[in-house]
Amino acid sequence: MFDFIRTYQLDIMLFLCATSTIMGVLLLITHFLPGRRKWILIGMETIATILLGFDRLAYVYSGNLGSLGYVMVRLSNFLVFFMTSGIVFCFNLYISDLIESKVGKEFSSIRLKLVGLATILGMLLAVLTVFTGLYYYFDSHNYYHRGRGFLLAYVIPVLGPLVQFTVVHKYRKVISRFIYIALLLYIFVPIAMGIVQIFAYGISIVNMAMVLVSVSLYIFTYLDINDEVQNAHHMEMEVLIEEQKNMKTVFSQAADAFVETLESGNEFYKGHSKAVAETALKIAKECGKNERFCNEVYYTALLHNAGLTSLPENLINKVEDVTEEEEKMIKNLPVSSAKILSKISAFPYLSKNARYVYERYDGKGYPEGLKGESIPEVARIVAVAEEYATVTSRNKYRNSIPIALVREEFVKEGGLRFDPAFSSAMVRLMDSDTKEHKNDSNESLENELVCGQYRDKVSTGIPVFNNYVDISFKCRAGSEEGKFSLPSIILYDSFDRHVYNSQKLIEAYHYLEYGEVWFDGHVISTSARNMKVSVTEKEAAEGQEDFYKISAARFEDHLILKMESPVKSVEVIIALPDVSKASYISLTGENCTLSDIKMEVKAEKVNEKSIPRIAEPISYINHIESDVPNIQINTPCAEYTQGLEINDGMTLCFHTMTLPEANLVWHCPYVLLYYSEDGKVGGKDYRQYAFFKLNGEDNGSNEYAENNFSMHHSENFDNWKKWNDLNKAGYECKIEFTKKVTGLPLRQKMSESQLKI
């Protein structure tokens with residue numbers, strides 16, 4: 001290595017001088033450094049260039065006996081020793097300025113001041129050497145030789161940086177990592193090279209090292225500034241993001257306040273816009289829309305009825321007998337809303353989308369009668385959310401519509417009133433919400449019922465499933481002496497878990513009452529196929545004189561009730577009309593108060609042996625079978641046919657007929673495409689590819705399959721009522737399969753299947 005440096009030393013020195021000069025020029029035109037530090041760095045680069053440049057000239061003119069050689073050898077060596085202390089002096093200034101910029105003007109270091117004085121002394125000794133030969137002398141042939149005090153020349157370049165390091169190390173936490181690395185290099189590399197040079201005579205590795213670390217200091221300073229700029233950019237972006245969040249929060253709060261004020265005096269609309277906005281946001285997310293789009297959906301939905309301010313209050317509250325003129329005013333609502341929202345120029349989408357929320361997908365909406373995808377996408381989503389929030393809300397004018405009927409409405413109106421994609425998304429959300437709250441039996445259960453006349457107060461229905469449900473309460477007789485007083489229960493099925501008496505509501509909520517049971521064993525059977533009662537007398541336990549308990553469970557079409565009163569135990573077996581019906585228990589009574597009402601679903605389940613059968617199973621499949629055994633599906637997806645392997649060109653024909661009590665459009669056959677090793681649903685390595693219903697619903701794509709589902713009404717389709725009638729009457733169904741296998745390896749083969757029904 002030393003031989004290489006010795007051979008090419010002059011070329012290396014020239015290259016390093018040029019590099020240092022370039023760095024000095026770059027520093028001169030640099031604007032990213034503080035002014036004082038910039039000029040200190042320029043000074044360091046200049047001194048480094050002079051130091052190495054004259055060191056090179058000392059070698060070039062060494063042994064030259066001419067007058068120029070005589071002068072250059074002496075001038076060069078003088079400047080080398082002088083500048084060695086000078087560069088330490090400039091480095092001292094750099095450290096002082098750097099730390100002062102971090103800790104403040106109060107920074108002061110005695111150690112740095114001592115180093116500064118030492119460097120001045122070193123420069124004076126370099127001048128003294130010219131006259132005394134302390135560091136070096138020249139022979140008669142004009143060659144350089146080390147003097148008796150040569151080692152003194154290394155004291156300041158070695159000890160000075162070591163002292164400077166103690167200061168740098170002390171303040172290392174306020175110095176960036178790039179600058180700290182550069183300072184360490186600047187301090188220790190020349191020291192190490194200085195020690196080496198004591199033993200490596202004839203090469204100037206210390207001076208070359210000084211130039212290299214001076215260059216590295218510039219580079220690391222640039223990296224540090226770049227890092228600071230990036231950090232500043234990130235901080236600025238964070239500030240901007242935070243400001244945006246704050247602006248969004250302010251806008252959101254202002255919008256909420258506006259809507260709340262707008263709806264405050266109106267019972268029909270109170271809280272409506274917020275409900276629409278939350279539902280619309282769920283639909284957008286369900287459809288995979290990005291955050292920006294979701295924000296547009298939310299705020300459009302929240303403010304879409306801003307034009308309510310233009311309608312007379314008596315018209316807003318009017319629900320019937322609307323005149324032709326009043327209807328025109330109502331249909332102008334979206335136009336008024338758009339006009340008001342156009343004032344919010346920062347969000348032009350509000351006005352654009354609010355104008356078309358009441359358009360229909362089939363073109364029969366208002367105000368412009370737009371059709372299909374010509375209606376803005378945001379408006380199509382809000383239209384679905386608007387309808388959902390309207391029909392599921394309860395106010396003084398009407399009850400909320402049962403969720404099953406709401407679901408049916410979205411199924412029917414997909415492609416007519418609503419965009420089918422967003423209508424389907426709403427159905428999926430409803431199904432998910434229903435599944436999530438399926439076993440939430442305690443929802444809205446009253447804690448107390450004050451019963452006067454029989455059935456004037458009835459609790460919310462408690463569902464009865466396969467698991468035992470325990471219901472307990474305390475009963476206190478009414479104040480009227482001698483009047484009959486006893487609690488009882490009502491068994492029934494209803495879309496919304498409530499008991500109804502009027503024929504209109506019975507039809508609307510598909511209410512079916514099975515019977516009534518009293519705690520003395522008295523029963524009334526309304527539509528149950530059979531009821532069997534057993535009563536056991538008992539003595540009232542001390543402290544339990546007012547305690548009543550019910551345990552209930554069902555298996556298929558049979559239900560068991562175990563009722564405990566202070567004086568009797570009653571067991572009732574009920575045969576329900578069929579398996580497809582739901583079952584609810586509501587508490588009621590006559591001239592009594594029920595309090596501390598509690599319920600709990602137990603882990604214990606019933607099976608076919610737990611409840612004695614008192615009526616024969618109802619079967620509609622006692623008919624001739626073909627290739628596949630007949631099945632009867634009493635509850636959704638409770639039964640499946642045997643698995644059939646799909647082949648290209650395969651046709652599947654079957655007869656279908658819904659059960660007599662079926663009344664919803666999705667009470668029809670479903671088709672499930674899947675894979676399992678044993679060919680059974682839910683079997684080993686089960687994978688579901690597609691699931692759709694003949695009424696036009698599907699569950700979309702999943703991790704195993706990408707599905708493109710479309711449904712079209714044939715010319716024979718008149719309306720959904722006739723569809724229900726057709727299903728009850730029964731019909732022949734044909735499914736045609738087209739299968740195309742891709743050219744993947746055997747274990748990775750996927751199939752593309754087309755089905756025509």
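Protection proxy ranking for 209-218, 588-597, using the average of other Cβ atoms within 10 Å per residue and placing the highest first: 209-218, 588-597. When nucleic acids and ligands are ignored and a 1.4 Å probe is applied, Glu608 ends up with an accessible area of around 130 Å².
If you take semi-axes √(5λ) of the Cα gyration tensor in Å from the coordinates, which of (i) 48, 40, 21; (ii) 91, 33, 32; (iii) 55, 34, 22 do you get? The value computed from this structure is option (ii). Taking the Cβ of Ile618 as the centre, find all other residues whose Cβ is under 14 Å away and add up their charges (Lys, Arg: +1; Asp, Glu: -1). Once all neighbours under 14 Å are counted, the net charge is -2.
As a fraction of the 1.4 Å probe accessible area of region 97-185, surface on carbon and sulfur atoms comes out at 69 percent. Cross-link partners of Lys562 among lysines, defined as those whose alpha carbon lies under 20 angstrom from its own and excluding same-chain residues fewer than eight positions apart: Lys474, Lys532, Lys538, Lys549, Lys598, Lys602, Lys605, Lys609. Across region 545-550, coupling constants 3J(HN,Hα) worked out from phi with the 6.51/-1.76/1.60 Karplus curve, θ = phi - 60°, read 5, 10, 9, 10, 8, 10 Hz, and Gly and Pro carry x. When Ser502, Ser76 are compared by accessible surface with a 1.4 Å probe, the order from highest to lowest is Ser502, Ser76. Taking amide H atoms as placed 1.01 Å from N in the peptide plane, the amide H of Thr526 lies under 5 Å from those of Gly515, Glu516, each 5 or more residues away in sequence or on another chain. Taking a ≥ b ≥ c as the square roots of the Cα gyration tensor eigenvalues, with a/c under 1.5 meaning rounded and otherwise prolate when a/b beats b/c, else oblate, which class fits region 413-546? Since a/c reaches 1.5 and a/b is larger than b/c, the shape of region 413-546 is classed as prolate.
Of the listed residues Glu100, Glu263, the order by accessible area with a 1.4 Å probe, largest first, is Glu100, Glu263.
Figure note: Trp666, Trp39 ranked by solvent-accessible area, largest first, 1.4 Å probe, ligands and nucleic acids not counted: Trp39, Trp666.
Axis of helix 377-391 versus longest Cα principal axis of the chain: the two differ by about 40°, to the nearest ten degrees. Please work out whether region 27-163 counts as rounded, prolate or oblate from its C-alpha gyration tensor, where a ≥ b ≥ c are the square roots of the eigenvalues and a/c under 1.5 means rounded, while otherwise a/b larger than b/c means prolate and anything else oblate? Cα axes put region 27-163 in the oblate bin. Within the same chain, aspartates and glutamates fewer than 8 places from Lys289 are excluded, and of the rest, those with a Cα less than 17 Å from its Cα are Glu278, Glu373, Glu377, Asp419. Quick one: of Lys581/Lys728; Lys285/Lys721; Lys343/Lys364; Lys412/Lys728; Lys270/Lys352; Lys581/Lys684, which pairs are farther than 21 Å apart, Cα to Cα? Flagged as over cut-off: Lys285/Lys721; Lys343/Lys364; Lys270/Lys352; Lys581/Lys684.
Partners of Lys105 within straight-line reach, counting lysines whose Cα lies under 24 Å from its Cα and excluding those fewer than 8 residues away in the same chain: Lys38, Lys113, Lys170, Lys173. The separation of region 546-603 from region 356-377, counted between C-alpha centres, amounts to 51 Å. Solvent-accessible area of Phe107, all protein chains in place: 20 Å² (probe radius 1.4 Å, heavy atoms, ligands and nucleic acids excluded).
Packing order of peptides 517-524, 546-553, highest average first: 546-553, 517-524 (average count of other Cβ atoms within 10 Å over each peptide's residues). Computed from phi, the 3J(HN,Hα) profile of region 562-574 under the Karplus parametrisation 6.51, -1.76, 1.60 (θ = phi - 60°) reads 10, 10, 10, 10, x, 10, 9, 10, 10, 10, 10, 9, 10 Hz, with x in place of Gly and Pro. Annotation: Met599 carries an accessible surface of approximately 30 Å², with a 1.4 Å probe and no ligand, DNA or RNA atoms counted.
Once the Cα atoms are used to define both axes, helix 155-170 deviates from the longest principal axis of the chain by about 20 degrees.
Helix 205-263 and the longest principal axis of the Cα set of the chain meet at an angle near 30°. Each Lys or Arg adds one and each Asp or Glu subtracts one; over the other residues with Cβ under 13 Å from the Cβ of Lys457, this totals -3. Remark: region 726-734, residue by residue, has Karplus-estimated 3J(HN,Hα) of 4, 5, 6, 6, x, 7, 8, 10, 10 Hz, where x stands for each Gly or Pro and the curve is 6.51 cos²θ - 1.76 cosθ + 1.60 at θ = phi - 60°.
The values are calculated or read from the model by the stated rules, or taken from the named source; none is laboratory data. Small disclaimer: the values here were computed from a predicted structure and weren't measured. So basically every Cβ, Gly included, is an ideal-geometry build from the backbone, and we count neighbours across all protein chains shown. Side chains are part of the model used for accessible areas, which takes the heavy atoms of the whole protein and leaves out ligands, DNA and RNA. Shrake-Rupley method; radii C 1.70, N 1.55, O 1.52, S 1.80 Å.
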